[in-house]
Amino acid sequence: MLFKDKLAAFAVIFIWGINFFFMKVGVSEMSPMMLGFFRFLLVLFPAIFLIKIPKVAWKWLFLYGLIGNFSQFAFVFSAISTNMPTSLVALVIQSQAFFTVLIASLLLKEQVKWNQWLAIAVAAIGLSIIALGQQHSAIPLLGLILVICAAMAWACGNIIVKKIGQVSPIGLVIWGNILTPIWFLLLAFQQQGWQGIQADLNTISWHGVVAAAFLGYFATIVGYSLWVYLLAKYPVAKISPLSLWVPVVSLIFAFIFLNEHLNHWQWIGSLIVMFGLLVHLFGDKVLQSQRSKTRVKASG
């Protein structure tokens, strides 16, 4: 990976790591669907007047926005509104890396290595332990299920990006979400009615405005533009595990600023999931290194 691409990956990791804090602030100010509405409204304006429409069929643009963004964040914001710790949300949603590899192997016929299969199995054990931990805490199991659904939506979005191929990243992020605010507003209306929407509008403080602005401009336009750029340039199995470091940043931020604490089941499950991500990212490299050392010793 080129140095500039490593910098792009680091920027995505940091922005997405702290972005869960702003999600928490946002859902404390308004309903999850209204937060999604404002997030993607800010994504569109004023950028829609400055960015050209990418040379992509409209069906792919709509699918990217509907599945990779609307579905993912409708699930994520709903999960956080159930009082699911942001640190756990940041960790569990990284299971998108495993879902992405599985879907890519089925639909794109990409080869899945032994360490990726092992990582999927390890992560499944970790998620099961986290689920057990949810039963021993005040946090509903529904929150965990919603995050897993969000991870699946993110994985499907990754496959759509890969199917689209080389394209203007920021163009895809902007124009791919042209209908996303409408989907969120319709769902907010279905859940709250116009009175609930008006109540949200009347009670939003500057905290909510800042949260929506960060989520729209930094987490979405900057973060996803860089993510799309990396996905289009490198194999999905190489890029998707980079999000491994996002929950590390989120855990630190949540502990310092949100005073979040996990029970021992959740810590054990989180560490196992993290180990699975490490196996996913480094397992094959470690094995190849060991084989090289063995050959050198044998030839010596």
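The values are calculated or read from the model by the stated rules, or taken from the named source; none is laboratory data. What you see is a predicted model; the values in this text were computed from it and never measured. Cβ: placed from backbone, ideal geometry, glycine included. Neighbour counts: every protein chain shown. Keep in mind that these areas ignore ligands, DNA and RNA; they rest on the heavy atoms of the full protein, side chains included. Shrake-Rupley method; radii C 1.70, N 1.55, O 1.52, S 1.80 Å.
Numbers below:
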quantity: Difference of contour (0.36 nm per residue) and Cα-Cα distance, LYS238 to VAL210; calculated: 6.8 nm
quantity: Of LYS238/LYS285; LYS113/LYS238; LYS4/LYS109; LYS59/LYS163; LYS4/LYS59, those spanning more than 22 Å from alpha-carbon to alpha-carbon; calculated: LYS4/LYS109; LYS4/LYS59
quantity: Fully extended contour minus Cα-Cα distance, from VAL112 to LEU271, at 0.36 nm per residue; calculated: 54.9 nm
quantity: Solvent accessible area, Å² - LEU271, 1.4 Å probe, full protein context; calculated: 110
quantity: Sulfur and carbon atoms: percent of accessible area, the range 206-300 [1.4 Å]; calculated: 74
quantity: Accessible heavy-atom area order of HIS264, HIS207, HIS280, highest first, probe of 1.4 Å; calculated: HIS264, HIS207, HIS280
quantity: Residue-averaged 222 nm ellipticity for the chain, from DSSP H runs of 4+ at -39500 (n - 2.57), nearest 500; calculated: -24000 deg cm²/dmol
quantity: Separation of alpha-carbon centers, the range 27-98 and the range 132-193, rounded to whole Å; calculated: 5
quantity: Per-pair calculated FRET efficiency, R0 = 45 Å: GLN198 and LEU287 via Cβ, rounded to 0.05; calculated: 0.15
quantity: Phi-based couplings in Hz for the range 268-274 (Karplus 6.51, -1.76, 1.60; Gly and Pro marked x); calculated: 4, x, 5, 5, 5, 4, 4
quantity: Segment GLN191-ALA57, length gained on full extension (0.36 nm per residue, minus Cα span); calculated: 45.0 nm
quantity: Where the chain is the region considered: accessible area per residue in Å², 1.4 Å probe; calculated: 46
